[in-house]
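The structure under discussion appears below in the form of structure tokens.
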Amino acid sequence: MDLPSLPQRIEPETLTAVLDGRWAGLRQEVRAQMAGAEFPDRSALSIEEYRGQVLDDLRLLAKTSHARLGFAREFGGMGDPAGSVIAHEMLGFGDLSLMVKAGVQWGLFGGAVQLLGTRRHHDRYLRDVIDVNLPGCFAMTETGHGSDVQHLRTTATYDPATSEFVINTPDEGARKDYIGNAARDGRMAVVFAQLIADGAGRGVHALLVPIRDADGRPMRGVTIEDCGPKGGLNGVDNGRLTFRDVRVPREALLNRFGDVTPEGAYTSPIASDGRRFFTMIGTLIRGRVSVAGTSGSAAKRALAIAIGYAGTRRQFARPDGTGEVVLLDYRAHQRKLLPALATTYALSFAQHELVSALDEMHGRQSADGPQPSAEPVVPQPGTGPDQPRKGAEPDERRQRELESRAAGIKAVATWHATATIQACREACGGAGYLSENLLTTLKADTDVFTTFEGDNTVLLQLVAKGLLTNYKSDFDELGTLATARFIAEQFVGGVIERTAARAVIERLMAAGPGRDDETVLFDRAWQVRAFEDREEHVLEGLARRLRRAASPGTDPFAVFNDAQDHVLRAARVHVDRVVLEAFVAAVDRTADPDAKALLGRVCDLYVLANIEADMAWFLQHGRLTATRAKSVNSAVNALCERLRPHAQTLVDGFAIPASCLGAAILREEPGRQHVQARATAH
Ligand SMILES: Cc1cc2nc3c(=O)[nH]c(=O)nc-3n(C[C@H](O)[C@H](O)[C@H](O)COP(=O)(O)OP(=O)(O)OC[C@H]3O[C@@H](n4cnc5c(N)ncnc54)[C@H](O)[C@@H]3O)c2cc1C
């Protein structure tokens, strides 16, 4: 297949500029900090040594701007939530135990205090959270309820006689489990519990509960167990917490969304328990966005190692006697790594759009700082004095859409990281299995990303529900039957909402496609239309299937359960389209013409490898003829060949600090010099 040629040499910095985008300054700052640090493989340390090392590293990190970025200025922070997500993503190039420990301390624990609490909590705790004088935990998951946290069973019962809440673990299944920072270092936990006030259950709320005293001993009534060795991330001390009649003052309730008066009356700006719960959870979206970003960094690091090695390692002689073949010259090797590289670029741009959307919604704090968040006094919906800055309360539908996008990108990005790291490990052969080459640790540490911050399968169901209900404000709350009724009555078809570069895509769509030969595969308008068409078709088919659940005499659960594969697929193809739009937007805004041409080809590879992997659907639904389907296979091969000479440039464009690429196989040794490409760059 004859493709237009690419320039011979493209400067990686031009790619870095596009990838870094509007956060280039912050990313460079973090890179400079990381350049001075060391990130050796620590898997040989004992668990205790590793945990101690990570805590020391966390305290060092607390001295940089990293810790402060996400917090309000008046408490010593920098008022830049999106910046904090970006800085966290960069930590994903280094020791992932440190990244997770930082995420627990500042993202989950500190984030919950800031976003679910009010002035009294901010004044009292935030500075100590930032400085790690108060190491904390985020204790939501229970042994019996992980994904379904709305039904967790820890109780917080208000006792008006003493103005205290009494925290209890009613049974083994209600034990808090897997909690980061709990086994060794945490002093306080944000505990999620069913609130009982005035004799009535008020749904899940969060309370600040001290778990250790100043000497590190468990507080009275608190039992702490160590989860022990894990499959990875062993520098993080995950533990289990059980509470027996643990009393905390009334003020320990993080009361932004619900409060209890001294007499025991419950007040909330949100009437419905379910809606309040999902609003609270939605507020904590940053953790999910951060995991998506860090999984991208881990995939980039693995690709940098595997592609670096593949450019030097030789195996088998050429029949013409001209020497041994460099691994990256094998088409099979290119196919192993280059489509994954293209998807990594695609997801990186999608992550950029996601963080930008987060920034837009949750806003950067002005230099004057936020309006003070006061104690709530019988607040009215959306107007209570404990609300964030006036006028800044995000529009609900957009908030739901953002949550859904974060869920979808988190799921797709973490699955991609897991698969890519495995492919990179294999691509390095036996060397890939040695700890000194970092890939095994990377694989072990990122494995659980598909589970924590929301199990991926459960998250994709949330995405599909949002699409089916058009982000109706209370879609989280809709049960199976209500969702079926909603679909039966209100779903009129898939709505393709542009997420990035609306104007660019509209322009593309208006212009093309103009051809109908095999070159149409490289036509951006054709590509976008193919993804859109697939999304609409899958979603409409799903809606038709689920409508049956609303028919009288039908068991809605059985209908929904039977359609779960379809639900997941609808979410997946939706995310693929959103990711493609982000890539198209990034190519469009690339100023350097050579980088633009290269990224255009990488985008082609992302699209065509995706279509190739989903060929059965395109053929079954008559979207591709057998002839054109074969052309897709040839096009992927042709793109791999074209991109091969630029593979090293593409990973160099990630600008991963050298301190994070200490894999022994990347050191240049006699007979292993980097081979740009045997053929000259096309
Ligand atoms: C290393 C680590 C650190 C963690 N840190 C914390 C922390 O600091 N704080 C905290 O609160 N939690 C933490 N967690 C808990 C984590 O968030 C949960 O493990 C996660 O939410 C999944 O819950 P679960 O383990 O109960 O799995 P389950 O929800 O039981 O899921 C098990 C399987 O069932 C499937 N499944 C579940 N529901 C459905 C459904 N409706 N349809 C189809 N399939 C379904 C899932 O896809 C999954 O494959 C941590 C976990 C780990 C492993």
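The values are calculated or read from the model by the stated rules, or taken from the named source; none is laboratory data. This structure is a prediction, so every number in the text was calculated from the model and none was measured. As a convention, Cβ positions derive from the backbone with ideal geometry for all residues, glycine included, and neighbour counts pool all protein chains shown. Only protein heavy atoms, including side chains, enter the accessible area calculation; ligands, DNA and RNA are left aside. Shrake-Rupley method; radii C 1.70, N 1.55, O 1.52, S 1.80 Å.
For region 530-596, the solvent-accessible area of protein heavy atoms averages 40 Å² per residue (probe radius 1.4 Å; ligands and nucleic acids excluded). Against the chain, whose longest principal axis comes from its Cα atoms, helix 24-35 is set at around 90 degrees.
Evaluate E = 1/(1 + (r/R0)^6) for Glu324 and Phe557, where r is the Cβ-Cβ distance and R0 equals 45 Å; express this FRET efficiency to the nearest 0.05. Efficiency, rounded to the nearest 0.05: 0.15.
Leaving ligands, DNA and RNA out of it, report the carbon-plus-sulfur percent of the accessible area of region 136-271 at a 1.4 Å probe. Could you put the intermediate results ahead of the total?
Values: 2510 of 5210 Å².
Here it works out to 48 percent.
A 1.4 Å probe run over the protein chains yields, for region 21-178, 37 Å² of accessible area per residue, whole-number rounding. Using a cut-off of 28 Å between Cα atoms, the listed pairs Lys336/Lys443; Lys176/Lys300; Lys410/Lys630; Lys230/Lys410 include Lys176/Lys300; Lys410/Lys630 as exceeding that distance. Reported to the nearest whole Å, the Cα centre-to-centre distance from region 228-286 to region 428-450 is 35. Rounded to the nearest 500, the helix-only mean residue ellipticity at 222 nm of the chain stands at -15500 deg cm²/dmol, with each DSSP H run of n ≥ 4 adding -39,500 (n - 2.57).
Computed from the C-beta positions of Arg331 and Asp2 and an R0 of 22 Å, the FRET efficiency is 0.80 to the nearest 0.05. With each label modelled as a point 7 angstrom along the Cα→C-beta vector, the Ala626-Ser356 pair spans 4.4 nm. Spin-label model, Arg545 to Trp415: label points 7 Å out along the Cα-to-beta-carbon direction sit 1.4 nm apart.
Please give the length that would be gained between Ala658 and Met219 if that part of the chain were fully extended, namely 0.36 nm times their separation in residues minus their C-alpha to C-alpha distance (nm, one decimal). Before the final figure, lay out each step's value.
Details: separation 439, 0.36 × 439 = 158.04 nm, distance 4.41 nm.
Additional length available on full extension: 153.6 nm.
An ellipsoid equivalent to region 277-368, defined through the eigenvalues of its Cα gyration tensor, has semi-axes of 44, 12, 10 Å when rounded to whole angstrom and sorted largest first.
Quick check: at a probe of 1.4 Å, how many percent of the accessible area of region 1-104 sits on carbon and sulfur atoms?
On the way: 2200 of 4160 Å².
C and S atoms contribute 53 percent here.
Compactness check for the chain: Cα Rg over 2.2 N^0.38 Å is 0.99. A simple packing score, the average count of other Cβ atoms within 10 Å per residue, orders the peptides 562-571, 51-60 as 562-571, 51-60, with the highest score first. Using the Cβ-Cβ distance between Ala44 and Ser147 with R0 set to 35 Å, the FRET efficiency works out to roughly 0.55.
Going by alpha carbons, how many degrees (0 to 90, nearest 10) lie between the helix axis of 593-613 and the longest principal axis of the chain? The two axes meet at around 80 degrees.
Every pair of different Cα atoms in region 278-330 enters the Kirkwood calculation, which places the hydrodynamic radius at 14.3 Å.
Per-atom-type breakdown for region 528-634 gives carbon and sulfur 52% of the accessible area (1.4 Å probe, protein chains only).
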